[in-house]
């Protein structure tokens, strides 16, 4: 994977130092188009074309309060197609992060694939290259991470590395995802990012209880010996 596939990374060490070794979820990965902003058929080519979906800023602020790394994982083939430059996409992401920060949220890093679908790269979702790169940089156990996205590609990437996928209906594949849940009962599909945060908080709470009981049982067993 080339270095330019992983742009705009902010210092991971700050978040690594705050991670608790028994945390149920170590990080949350987020798709961009169709999850945070309106997905355009002609690509987001400028700051003016970046339109956040309703409730996204509030949802990101809630995610920030969980004290987890929040990492953007995005395919941006418009770069490889020559439609937009890397610099333009960087400016879009800087603007996005500024808006999120102003609303008490944050995006700690951005990992992107600039390649078109026929490039044969390992980083374009549904391949998991970006997730593997983020896990290496941030020292994450991907089986203890969640991925919020809006597409079959997001689902495939998450499942390839054992992340918990949470899909939203705010992208262009909403109908396809609605049909999928009738065939795959393991798929988590909710209306939007706010509902995804609701689900994630419930899931973390439930699993925290299970981990606490397991730890207590292990401690009792050790004491008995």
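Read the figures in this text as sums done on the coordinates, not as results from a lab. Nothing here was measured: the structure is a model prediction, and the numbers come from that model. Cβ: placed from backbone, ideal geometry, glycine included. Neighbour counts: every protein chain shown.
Starting from the Cα of residue 139, step 7 Å along the direction of its Cβ; do the same at residue 118; then give the gap between the two resulting points in nm.
Once both label points are built, they end up 4.4 nm from each other.
Once you order the gyration tensor axes a ≥ b ≥ c over the Cα atoms, which shape class does region 86-161 get: rounded for a/c under 1.5, otherwise prolate or oblate by comparing a/b with b/c?
Cα axes put region 86-161 in the oblate bin.
Exposure proxy check: 125, 45, 205 ranked by fewest other beta carbons within 10 Å?
205, 45, 125
Along the Cα→Cβ direction, 7 angstrom out, place labels at residue 91 and residue 48. What is the inter-label distance in nm?
Once both label points are built, they end up 1.1 nm from each other.
Using only the Cα atoms of region 43-109, what semi-axes does the equivalent ellipsoid have when each is the square root of 5 times a gyration tensor eigenvalue? Give whole Å, largest first.
24, 12, 10
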